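Contents: one structure, followed by commentary.
The values are calculated or read from the model by the stated rules, or taken from the named source; none is laboratory data. Keep in mind that this is a model prediction, so the values were computed, not measured. Neighbour counts run over all protein chains shown; Cβ positions are idealised from the backbone, glycine included. Heavy atoms of the whole protein, side chains included, go into the accessibility calculation; ligands, DNA and RNA do not. Shrake-Rupley method; radii C 1.70, N 1.55, O 1.52, S 1.80 Å.
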2 protein chains.
Amino acid sequence: MNFLEERIQRDGIVKEGNVLKVDSFLNHQMDIKLFKQMGEEWKRRFEGTYINKILTIEASGIGIACVASEYFDAPVVFAKKSQSINIDGDMYVAEVESFTHKCKNQVIVSKKFLGPDDHVLIIDDFLANGCALQGMISIIAQAGAVLEGIGIAIEKGFQSGGRTIRNLGYHLESLAIVDSMDAATGKINFRSQDESK
Amino acid sequence: MNFLEERIQRDGIVKEGNVLKVDSFLNHQMDIKLFKQMGEEWKRRFEGTYINKILTIEASGIGIACVASEYFDAPVVFAKKSQSINIDGDMYVAEVESFTHKCKNQVIVSKKFLGPDDHVLIIDDFLANGCALQGMISIIAQAGAVLEGIGIAIEKGFQSGGRTIRNLGYHLESLAIVDSMDAATGKINFRSQDESK
């Protein structure tokens, strides 16, 4: 097991309905030392890829992306989930369905901060059905930017999001892929990853 | 002018209605090197204060708090703006009015991540009327934790939030305090701060 899988097994809580709670270190209380390790690992996995911008989505992706960006020396842009009166009209927009909140959101990024010169790494905390990710990919396409890769902390391997993204040919690096979990025992099975790659 | 005031004067955009847009470096696209400087400066201003937890609020406070926390070696907890089905029932709750979005939100923090042993530094991007900040202070009081200080990036000095907080005796450190700004000329007047303190 790698460092993130170990942490998930130790501090993650499996609940009925395939819910994995990692709010003690990832998406409510945040362990910044862990985020640094994650950034270092993504840097290793995307070695040799030119990246000049990191894109994430509010809220729980932001902390991970900001800390990880220190390894890429690139600014972070976060996609916002609803229109604010403080944002200019000139924006990329995508529709995103939220599994967690059972609703549809518009996701927006200002056209000022994403364009054809950008080589983008997407970073987010979770990948399940992939709706948020598809919204970000749509925005990158609208901008004419290049999507160089996708770094995910925890992928729910038993949902279709990751498979779809890999089928589409994107370079997706999930640090931990949960293939199954059992709410009764708390046991989590991770997909084996080639540690040397 | 300090580093943040210089950046605001250079890249901030003053709009009618006392709106200051800093979305190119602070709250949409995020300059992580700037955030590190901010963290270093807060560390200097809160030197000698014991802090074991940082509290912020989604969304735009998260990135700043996470990067700044590296100087305090403390985990970050972010207050969430609405109830998620992925959060346990055991939470601190405060009502917060949003000036930007013209609505009321419930702000919640899990009781697991804030308690009487915590010495808390609040970090956020903006302080205007202070509603978000008051919500966080209420949550810290509910938790029986100690509020050791408040680090704000940009305070709108012509609104009442900062004055109220100082009157209440809290240790508030705003890195830039805007006393007035002019949408016609783009000129921003900062309150002078004792650089040596």
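Structure summary
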read-out	value
Matching residues in the stretch B:104-152 - criterion: being assigned to a strand (DSSP E or B), β-branched (Val, Ile, Thr), touching a Leu at 6+ places or on another chain (Cβ under 7 Å) and free of Cβ contacts under 8 Å to residues at least 60 places away in the same chain	B:ILE150, B:ILE152
Residue check for B:ILE8: within 14 Å of another protein chain (Cβ to nearest Cβ) and open to solvent by less than 20 Å² (accessible area, probe 1.4 Å)	no
Test for A:GLY39: is it in contact with a helix residue (DSSP H, G or I) (Cβ under 7 Å, 6 or more places away or on another chain) and open to solvent by less than 50 Å² (accessible area, probe 1.4 Å)	yes
Count of residues meeting criterion [open to solvent by 20 Å² or more (accessible area, probe 1.4 Å), at pLDDT 95 or above and either away from chain A (no Cβ under 12 Å) or in contact with a Lys or Arg (Cβ under 7 Å, 6 or more places away or on another chain) (or both)] in the stretch B:93-125	3
